1. Which condition does residue 76 not pass, out of (1) within 8 Å of the chain's Cα centre (by Cα); (2) free of Cβ contacts under 8 Å to residues at least 40 places away in the same chain; (3) surrounded by 14 or more Cβ atoms within 10 Å (Cβ to Cβ), if it passes all the others?
C-alpha cells in the first residue's frame, strides 16, 4: 500500500516531504525567493519554509496556487516517485528548461502565437 494511503490525516508523510522538496526545486528554477512566494500566496515566510522542509502538509488549494505562481503543471509537484516515497525528483537542466517554456508560454495571450509555438514544439 502506498505511503499516501497509509499516512495519518494529520501526520506528515514521506510524500509530503517529497512534495515540499519539489516545490523548493521548482521555486529555485524560476528564480523566485521563498519570501516572494510567501507574499504572493498571502502566507508567512515561516509557513512556506515549513512546506518546503516537509514540516507542514500543503493543502490541495495551496499546492494549486503554488503551481500556478511557479508556472509549472501541478503534477510536476507530485510525480509518481514522490507518491511512492522516493522524493528525489531531480533538478536537471531539462526540468529547468521545461519550467522556462511553461513560464514563458503563460505570458502569451495571443491564441495564434500559442498555436504556432505548439506546432513548432510538436515537430521535435
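1. With (1) within 8 Å of the chain's Cα centre (by Cα); (2) free of Cβ contacts under 8 Å to residues at least 40 places away in the same chain; (3) surrounded by 14 or more Cβ atoms within 10 Å (Cβ to Cβ) applied to residue 76, the lone miss is (2).
Here's the yes/no breakdown for (1) modelled with pLDDT of 95 or more; (2) surrounded by 20 or more Cβ atoms within 10 Å (Cβ to Cβ):
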{"residue": "7", "(1), (2)": "no, no"}
{"residue": "14", "(1), (2)": "no, no"}
{"residue": "33", "(1), (2)": "yes, no"}
{"residue": "42", "(1), (2)": "yes, no"}
{"residue": "49", "(1), (2)": "yes, no"}
{"residue": "54", "(1), (2)": "no, yes"}
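The values are calculated or read from the model by the stated rules, or taken from the named source; none is laboratory data. Values in this document were obtained by computation on a predicted structure and should not be read as measured data. Here the Cβ is made from the backbone with ideal geometry for all residues, glycine too, and neighbour counts use every protein chain on show.
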